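Chemist: Right, I'll just put the structure down here and ask away after.
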Amino acid sequence: MTTERRVKLSDGTSGIVRPIIASDKAALAAALEELAPDSRERRFFFNKAKLSEDELERLTKPDGIDHIAYGLAVRQGEAMIPISVARCFRDRDDPGLAEIAMVTADPWQGLGAGEELMRSLSAAAMEVGIRRWFVAMFSDNIAMRTLLDRFGKKCEERKLGGGFLEAVYEIVEPPGGFFGPPS
């Protein structure tokens with residue numbers, strides 16, 4: 001799994017992208033509770049208020065092969081504050097496919113955190129043989145669709161009704177490479 005890398009968001013804020021580890025439990029729990037209800041609903045399809053201990057255990061112990069997870073934290077004063085998480089879970093029946101999910105703290109949306117996480121997640125997925133993303137999302141989630149279009153080529157899309165859709169994207173290396181400057 002790709003290790004830590006320094007990034008700069010579009011507003012000039014410096015950050016670090018790194019794999020999620022077991023000691024991130026408290027930060028992950030706190031970050032979810034700080035999300036606006038709409039952001040929680042976009043991520044979980046309902047207003048999930050908190051993560052259970054079992055969920056925290058599972059989400060903070062990715063193996064880097066079947067479960068890959070990265071977080072992005074930014075410096076605020078002397079502290080590093082987590083602002084975004086992206087992860088994927090390999091499909092048990094199709095090892096070349098993984099379900100992807102991402103969330104960014106409300107004040108940090110639109111500044112490139114998702115793109116930076118997608119760079120690391122896509123590169124790590126390719127290293128372990130994952131070639132396609134599966135995503136379930138709201139049909140009007142333009143930010144996620146734009147991000148997936150940058151790092152993938154849509155192969156399938158199925159509207160589920162109720163404002164939901166499922167799609168499959170073939171992972172592609174973006175212009176400038178996975179870790180080159182955004183174009």
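Just so you know, all these numbers are worked out from the coordinates, no wet-lab data involved. Treat the numbers as computed from the prediction; the structure is a model and nothing was measured. Backbone-built Cβ (ideal geometry, glycine too); neighbour counts: all protein chains shown.
Chemist: For 160, 117, what's the fewest-to-most ordering of other Cβ within 10 Å of each Cβ?
Modeler: So the ranking, lowest neighbour count to highest, is 160, 117.
Chemist: Pick from 79, 22, 123 the residue whose mean-square fluctuation is largest in a GNM of the chain, springs joining Cα atoms under 10 Å.
Modeler: Ranking 79, 22, 123 by mean-square fluctuation puts 79 first.
Chemist: Apply the Karplus curve 6.51 cos²θ - 1.76 cosθ + 1.60, θ = phi - 60°, to the phi angles in the stretch 17-25 and return the couplings in whole Hz, x for Gly and Pro.
Modeler: Result, rounded to whole Hz: 9, 8, x, 6, 10, 4, 6, 8, 3.
Chemist: Gain in length, residue 16 to residue 153, computed as 0.36 nm per residue apart minus the alpha-carbon separation, to one decimal in nm?
Modeler: Stretched out fully, the residue 16 to residue 153 stretch lengthens by 46.6 nm.
Chemist: Percent relative contact order of the chain, based on C-alpha pairs within less than 8 angstrom and at least six residues apart?
Modeler: 18
Chemist: To continue, here is another question. Between exposed GluC sites (Glu not before Pro) in the chain, where DSSP calls loop and at most 13 other Cβ atoms lie within 10 Å, what's the longest gap?
Modeler: 79-183
Chemist: Using 0.36 nm per residue, how much length does the chain from residue 26 to residue 91 gain when fully extended, once their Cα-Cα distance is taken away?
Modeler: 20.6 nm
Chemist: A further question on this structure: Report the calculated FRET efficiency for residue 172 and residue 55 (r = Cβ-Cβ distance, R0 = 25 Å), to the nearest 0.05.
Modeler: 0.20
Chemist: Same structure again: Quick check: pseudo-label points 7 Å beyond the Cα along Cα→Cβ at residue 139 and residue 164, how many nm apart are they?
Modeler: 1.4
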